[in-house]
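Read through the structure below, which is laid out as structure tokens, and then see the notes.
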Amino acid sequence: MKKLYPAAAILFLIVAVWFGWKNYSASHQEVVTFYAMDTPMTITAYGPKAKAGISAARARIKEIERELSVTDPESVVARLNAAGGKNFEVTDDVASLTDFALKMNAETDGAFDPTLYPILRAWGFTTDERRVPSSAEIDELKKLTGADKIFTDGKTVRLAKGSMVDFGALGKGLAADEAAKSLRGAGVTSAVLNLGGDVRTVGSRTGGPWRIGVRAPGGGLLGVLETGEAAIVTSGGYERFFKGPDGQIYWHILDPATGCPARSGVVSSTVAGESGTMCDALSTAFFVMGADKTADYWRAHEGFEFILLTDEGEIFLSDGAAKKFSVDSEFKDAKVTVIRR
Ligand code: AMP
Ligand code: MG
């Protein structure tokens, strides 16, 4: 009997170490913050593969940045924009993003428009020299915009002479989707990415659903959305803006119809769904479209929910969002309208 004690003790020790390691690896958390695509990004991943997953995700984001940047003259998009009306061979990412952007342009009746770059440049949103262009200047530049200025044939893209594309409204969504794939590929089953306001969760959180804070335009929170694996993307005029000499605030999301900052009454638009690329495109489009057209669009399409805040302080929630969104106490007196199909 006496001989059994050491054996039992060793066995106990092995089991204890194994359980301890298992617990440690499941709860192990890695957080990495870096700057990419013109914005700070944070990836939080859990489990033993967290570190490797984050480094793979970060490399993929950097790759997408090198493809999509409009300011890096070496990027694929910058070289396409400089191709002066000639056929240009793009990468798989840029080809599929171009096709998707054209699809979103058609579906949103032109509210989402990837060809606004010449006008955005005139407003100085791409540099730090902000200015209010004259209406004659805008009218002239508008001749270069519109989906009919993009011609695609597989990976060959041609832009009309002088026209330029900019995927600023959906590139971070794509980066979030692709980074999520990289995390999964590395064996991460639980993570949350915040790519400058484009949030994406991977897998599940231990102990309940993910709780994602939706930012309010004045700082603070509009509310908290409970979700499983999803993308949650917010667009707002507060993200990039300047005060003009006339005292008006001008922001970076333009109404393609006017070439001027969109004034639809929506001050913040959030879209949650499976595809980050789609949510990103839609959050920008809804900011332009306003509450009524957003509701019509939602009724006609599947795969996402929305949360809008208007300049009157009213909150519009799609039915699915209403079930999972709790409005912050700061907005407890706001009128909340739930949109149903
Ligand atoms: P987001 O932060 O996703 O709403 O994207 C805003 C960015 O999208 C801007 O900085 C522009 O680069 C671009 N953009 C502005 N207006 C539009 C529009 N109506 N459609 C598509 N892209 C736009
Ligand atoms: Mg967007």
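How high is the relative contact order of the chain, given as a whole-number percent (alpha carbon pairs under 8 Å, six or more residues apart)?
15
Could you sort out which of LYS62/LYS149; LYS293/LYS332; LYS293/LYS323; LYS142/LYS172; LYS51/LYS243 sit more than 31 Å apart by Cα distance in this structure?
On the way: LYS62/LYS149 28 Å; LYS293/LYS332 25 Å; LYS293/LYS323 22 Å; LYS142/LYS172 25 Å; LYS51/LYS243 42 Å.
In this structure, LYS51/LYS243 lie more than 31 Å apart at Cα.
Report, to the nearest 10°, how far helix 50-68 tilts away from the longest principal axis of the Cα atoms in the chain, using its own Cα long axis and a range of 0 to 90°.
Orientation of helix 50-68: about 10 degrees from the principal axis.
Over 37 Å, how big is the tail of the calculated P(r) for the chain, in percent of all Cα pairs?
24
Please list, ordered by chain and number, the residues whose modelled amide H lies under 5 Å from the amide H of VAL267; skip anything fewer than 5 residues away on the same chain.
Amide H neighbours of VAL267: LEU309, THR310, ASP311.
Read-outs: derived from the displayed coordinates by stated rules, not from any lab. Computed from a prediction, not measured in an experiment: that's the story for all the values here.
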